[in-house]
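Only the coordinates and a few stated rules stand behind these numbers; no lab work does. Everything quoted here is computed from the prediction, not taken from an experiment. Positions of Cβ are generated from backbone atoms using ideal geometry, with glycine treated the same way; all protein chains shown enter the neighbour counts.
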Amino acid sequence: MAATENRWRYLAGGIALALLSALPGARTLFATVLPEDRADLMYHRYDGGGVEVDGPTLQLRKSVGEAFSVSADYAVDSISSASVDVVSMASPYTEERTETGLSVDYLHNKTLMNLSLIKSDESDYLSETGSFSVSHDMFGDLTTVTLGYSVGNDDISRNGDEDFAQTAKRQNYRVSLTQVLTKDSIMSANWETISDEGFLGSPYRSYRYLDPLSEKGYSFLPESYPRTRTSNALALRLKYYLPYRAALSGEYRYFSDTWGISANNLEFAYTHPFRDKWIFDIRYRYYTQEGADFYSDLFSRRQPFTYTARDKELSTFQSHTVGFGVSYEIKADFWQYIDHGSFNLDFDYMRYSYDDFRDITQGGVAGEEPLYSYSANVIKAYFSIWY
Amino acid sequence: MIMKSALRPPMSLLCLPLVLILGGCSVEPWVKPYERAHLADPIMSFDRNPVASGYRNHVFQIRESARGAEGGGGGGCGCN
């Protein structure tokens, strides 16, 4: 009886393996392999807090021989900003950001190496980043360890001021461990240290201070940031396969840096396939942050400290994000070079509420204006093909 | 005899990690290849659609101070 059971189990395993080899993404859990050959074309749109960003993203990936895979990326963000910062200190503006990337993966036995270059270009910000990472599978392919390093150089200018020229350098160090726990669960732990040096603020933004000589009761002066910053982030992710072909996942991340900022975020997601062709995703994310030591919505006087900032991203706040996604798979029998494809639609609703950033466009006594909050919608519509 | 007993604890301590490392190399996978059907299902991928998740991470990075350990890429300032 036991022998019969084992034989059936073995046979079922063989059938499962045969089926899995036909599934997209299946190969990655059995041995170190190159990423899949696929192409993605996405339209994205962000709308919230007076900011609108939209544009296309294209990514193409193709293997070359048995050992190499090459990927190319292109993305455009068309930005139209009338955010609370911009409205209260300057005039609304529009601009465009272009991002291009090239990446090469090299596979050698159970080791996968990646080299990538990314360039991001705006009218007042040029960023170039190079990354290298090594992944290695071990312990019967149940464990994957990845080490990564990136270095980026930024050139910052100020529109309308040809004399302004600043630079910043950024280095990232990453370690990650992915571990198969049981036949239904997998976890991953990621650690990343990022170190910045150079001009780390905004050439446009100002801080606010109490000024009895001003009619409004306050005035502005340009912000001043430290020229170094080091941050650490630790993230844990867990994914569990439910008994009826659905997946549940959880994620927690802790963050802290040398500017006194600490943050926690927690996310839960549920994935539910429907029949053969549909996959539905729902997710919820909570983020909370303690602000930087040198942040204040309203400083008590002009130049009170060496460093002064009124960037709301450095303040104390919370955010909630609820997301929904749907994917429809198509079999591409009509074209011999395409294996299959999918249409995808993704939507996120975000709500940010600030504890110490006030909306000065609403008026009122200095320091007693209503606290600022806003919501945003993010839509991603994309088409993917595997070949 | 005294020397031998004095050497014994440090040698044991030295050998322990070696045994663990060598033991680890020959570890028997507790989830067999034929038991990984569920894990290999695309819905179990941590990053099923890298382009979409990369953009999502980028949106959060711009609006929040926390950064890193996302498992996705991105670059540039994208301020405001």
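Starting from the 7 Å offset along Cα-to-Cβ, what nm value, one decimal, do you get for the label separation of A:Asp276 and A:Glu162?
For the pair A:Asp276/A:Glu162, the computed spacing is 6.5 nm.
I'd like the Karplus ³J(HN,Hα) series for region A:321-337: coefficients 6.51, -1.76, 1.60, θ = phi - 60°, whole numbers in Hz, and an x wherever there's a Gly or Pro.
Result, ordered by residue: 10, 10, x, 9, x, 9, 10, 10, 8, 10, 8, 9, 6, 7, 9, 5, 7 Hz.
Run the simple label-point estimate for A:Leu221 and A:Glu290 please: 7 Å along Cα→C-beta, distance reported in nm.
2.8
Place a +1 charge on the Cβ of each Lys and Arg in chain A and a -1 charge on the Cβ of each Asp and Glu, then give the dipole magnitude about the Cα centre in debye, rounded to the nearest 20. Intermediate results must be reported in sequence, preceding the final value.
Values: 36 positive and 53 negative charges, 303 e Å.
Result for chain A is approximately 1460 debye, rounded to the nearest 20.
What distance in nm separates the simple spin-label points at A:Gln336 and A:Val175, each placed 7 Å from Cα in the Cβ direction?
5.1
Please list, ordered by chain and number, the residues whose modelled amide H lies under 5 Å from the amide H of A:Phe294; skip anything fewer than 5 residues away on the same chain.
Correct list: empty.
Normalising by the residue count of region A:208-318, find the relative contact order in percent from Cα pairs under 8 Å and 6+ residues apart. It would help to have the intermediate numbers written out before the result.
On the way: 214 pairs, mean separation 27.7, N = 111.
The value is 25 percent.
Starting from 0.36 nm per residue, how many nanometres of slack lie between A:Val76 and A:Arg245 once their C-alpha separation is accounted for? Provide the component values of the computation, followed by the final result.
Numbers: separation 169, 0.36 × 169 = 60.84 nm, distance 3.67 nm.
Taking A:Val76 through A:Arg245 to full extension adds about 57.2 nm, to one decimal.
Show that you can apply the helix-only estimate: for chain A, add -39,500 (n - 2.57) for every DSSP H stretch of four or more residues, divide by all residues, and state [θ] at 222 nm to the nearest 500.
Details: 2 runs with 25 residues, N = 387.
Only helices count here, giving -2000 deg cm²/dmol.
Hey, if you drop one equal point scatterer on each alpha-carbon of region A:208-261 and run the Debye formula without solvent, what base-10 log of I(q)/I(0) do you get at q = 0.17, 0.21, 0.29, 0.30 Å⁻¹?
-0.76, -0.86, -1.06, -1.09
May I ask which residue of A:His320, A:Ser78, A:Met138 lies farthest towards the positive end of the charge dipole of the protein assembly as shown, with charges of +1 (Lys, Arg) and -1 (Asp, Glu) on Cβ and the Cα centre as origin?
A:Met138
Over region A:136-227, what relative contact order in percent results from Cα pairs under 8 Å that are six or more residues apart? Walk me through the numbers before you get to the answer.
Values: 160 pairs, mean separation 19.9, N = 92.
Answer for region A:136-227 is 22 percent.
Percent of Cα-Cα pairs per 20 Å bin, from 0 to the last occupied bin, for chain A, please list those.
Taking all Cα pairs of chain A, the binned fractions are 20, 54, 21, 4, 0 percent.
For region A:244-365, just the Cα atoms, rotate onto the principal axes and tell me the three extents in Å, largest first.
For region A:244-365, the Cα spread along each principal axis is 70, 29, 29 Å.
Based on the Cβ-Cβ distance of A:Thr306 and A:Tyr349, what FRET efficiency does E = 1/(1 + (r/R0)^6) give at R0 = 45 Å, to the nearest 0.05?
0.70
If you take the C-alpha gyration tensor of region A:191-304, multiply each eigenvalue by 5 and take the square root, what semi-axes do you get, largest first, in whole Å?
Details: eigenvalues 386, 64, 28 Å².
Largest first, region A:191-304 gives 44, 18, 12 Å.
For chain A, set up a Gaussian network in which alpha carbons nearer than 10 Å are linked by springs, and say which option among A:Tyr337, A:Tyr372, A:Tyr74 fluctuates the most.
In the Gaussian network model the winner is A:Tyr337.
Taking every eigenvalue of the Cα gyration tensor of region A:37-87, multiplying by 5 and rooting it, what semi-axes result, largest first, whole Å?
Details: eigenvalues 250, 16, 8 Å².
After diagonalising the Cα gyration tensor, the semi-axes are 35, 9, 6 Å.
Just name one of A:Tyr240, A:Leu345, A:Gln303: the one whose Cα is farthest towards the positive end of the charge dipole of region A:193-349 (beta-carbon charges, Lys/Arg +1, Asp/Glu -1).
The residue sitting most towards the positive pole is A:Gln303.
Could you give P(r) for region A:136-197, binned at 5 Å from zero, as whole percent values over all Cα-Cα pairs?
4, 14, 17, 12, 12, 10, 8, 7, 6, 5, 3, 2, 0
Going down the list A:Lys169/A:Lys380; A:Lys312/A:Lys380; A:Lys277/A:Lys380; A:Lys110/A:Lys239; A:Lys62/A:Lys239, which pairs span over 22 Å between their C-alpha atoms? Walk me through the numbers on the way to the answer.
Details: A:Lys169/A:Lys380 31 Å; A:Lys312/A:Lys380 26 Å; A:Lys277/A:Lys380 19 Å; A:Lys110/A:Lys239 24 Å; A:Lys62/A:Lys239 28 Å.
Going by Cα-Cα distance, A:Lys169/A:Lys380; A:Lys312/A:Lys380; A:Lys110/A:Lys239; A:Lys62/A:Lys239 fall outside the 22 Å limit.
Please list the radius of gyration and Dmax for region A:46-150, considering alpha-carbon atoms only, with Å as the unit.
Calculated on Cα positions, Rg and Dmax stand at 19.2, 59 Å.
Can you tell me what the convex hull of the Cα atoms of region A:260-320 projects to on average, as an area in nm²? Spell out each step's value before the answer.
Numbers: hull surface 21.9 nm².
In nm², the orientation-averaged hull projection of region A:260-320 is 5.5.
Over region A:183-237, what per residue volume does the convex hull of the Cα atoms give, in whole Å³? Could the numbers behind the result be given before it?
On the way: hull volume 8.0 nm³, N = 55.
Per-residue hull volume (Cα only) is 145 Å³.
How long are the three semi-axes of the equivalent ellipsoid of region A:296-378, in whole Å, if each is the root of 5 times an eigenvalue of the C-alpha gyration tensor, listed from largest down?
Working: eigenvalues 459, 45, 15 Å².
Taking √(5λ) for each eigenvalue gives 48, 15, 9 Å, largest first.
Tell me the angle of helix A:2-20 to the major Cα principal axis of chain A, expressed in degrees between 0 and 90 and rounded to the nearest ten.
With both axes taken from Cα atoms, the answer is about 50 degrees.
Can you work out the Karplus-derived ³J(HN,Hα) for every residue in region A:257-265? Use 6.51 cos²θ - 1.76 cosθ + 1.60 with θ = phi - 60°, whole Hz, and x for glycine or proline.
My calculation for region A:257-265 gives 9, 7, 8, x, 8, 9, 8, 10, 9 Hz in order.
Projecting each Cα onto the charge dipole of region A:145-205 (Lys/Arg +1, Asp/Glu -1 at the beta carbon, about the Cα centre), which of A:Ala165, A:Gly148, A:Pro203 comes out farthest on the positive side?
The Cα lying farthest towards the positive end belongs to A:Gly148.
Report the Cα-based extents of region A:70-212 along its three principal axes, largest first, to the nearest Å.
So the three principal-axis extents are 68, 35, 27 Å.
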